[in-house]
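The values are calculated or read from the model by the stated rules, or taken from the named source; none is laboratory data. Nothing here was measured: the structure is a model prediction, and the numbers come from that model. In this analysis, Cβ positions are derived from the backbone assuming ideal geometry, glycine residues included, and neighbour counts consider all displayed protein chains.
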Amino acid sequence: MELPHIGKCCTKKGCQQLDFLPVICKHCRHVFCSLHASITEHSCSYERKTNDRQQEGINMVPISFYTKPSRDAPNHSSKLQKNILSTEQIQALTTLKHTSSTTGGSPSALKHKVRISPKIELMRLKARATGNGSIDVVDRFYLSVMWKGKSAPVYINRNALVGSSAMQFARNLHLSTLPGNIYRLKPLNADDTLPSNKTFNELLADTGDLTSSSNPELFNGCSLELVCFIAPKSE
């Protein structure tokens, strides 16, 4: 039994279903069935107007609102500009860093580095040197013997011959002392070796600890390089 006078038909296009409990949209005031009662289901004109107003509000926002910085905002670009180094500054820092790494010190240490006096260096050498304890203190000649980049602090009798002292240093360093191997002593910055037939005391200009006029690089506490010569074999 049909009751057309009870209920109303849905106004949604394509639906027209008779609903005994119809719903009237509070926005567009049209009648809809329970399936199309929501504003999204029947494409309510109120929803379209709301979306249009929201989109219109976004479009009306001035572009300067996004791009123009606020007056109260901090100026970060100026700070970044201050931290940019020039090419010359970068090269100077690189050179300073390389110098610091090769010398084993920091830039501040290089700036304030003070040269140690020869007397202090001699005192340190005396504290580490080894030798024959029977040599009288006043007759001791202190030096650092260099061999292949290594240093050995020693003391000998200043009246000893240079040649015999060089051979003694070679034996102390456990070097080969075969008859064909000849050892000599040479100042670090000199081309010629010291004469082997003279004593250290004879080579010194005076018997003071730190001065020598005839051999500027020969003094008490100096460094001498031990060099080896191989004599040619006789046929």
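Tallying residues that are of a type in the set (Ser, Thr, Tyr), more than 41 Å from the chain's Cα centre (by Cα) and surrounded by fewer than 17 Cβ atoms within 10 Å (Cβ to Cβ) within the stretch 146-197 yields 4. Scoring SER101 on the criteria (1) more than 18 Å from CYS228 (Cβ to Cβ); (2) of a type in the set (Gly, Ala, Ser); (3) at pLDDT 90 or above leaves a single failure, condition (3).
Within the stretch 14-43, residues that are assigned to a strand (DSSP E or B) have Cβ atoms under 7 Å from residues that are among the small types (Gly, Ala, Ser) and surrounded by 13 or more Cβ atoms within 10 Å (Cβ to Cβ) in these pairs: LEU18/GLY7; ASP19/GLY7; ASP19/SER34; VAL23/SER34; VAL23/ALA37, counting only partners at least 6 apart in sequence or on another chain. If only residues of the stretch 160-183 that are part of a strand (DSSP E or B) and not hydroxyl-bearing (Ser, Thr, Tyr) are counted, the one that is nearest to GLU225 (Cα to Cα) is ILE182.
Residues of the stretch 212-235 that are at pLDDT below 75 and either in contact with a Lys or Arg (Cβ under 7 Å, 6 or more places away or on another chain) or exposed (fewer than 13 other Cβ atoms within 10 Å of the Cβ) (or both): SER213, SER214, ALA231, PRO232, LYS233, SER234, GLU235.
Can you spot a residue in the stretch 147-159 that is assigned to a helix (DSSP H, G or I), among the small types (Gly, Ala, Ser) and either modelled with pLDDT of 90 or more or in the same structural domain as GLU225 (by TED's automatic domain parsing) (or both)? Scanning the stretch 147-159 turns up no residue that is assigned to a helix (DSSP H, G or I), among the small types (Gly, Ala, Ser) and either modelled with pLDDT of 90 or more or in the same structural domain as GLU225 (by TED's automatic domain parsing) (or both).
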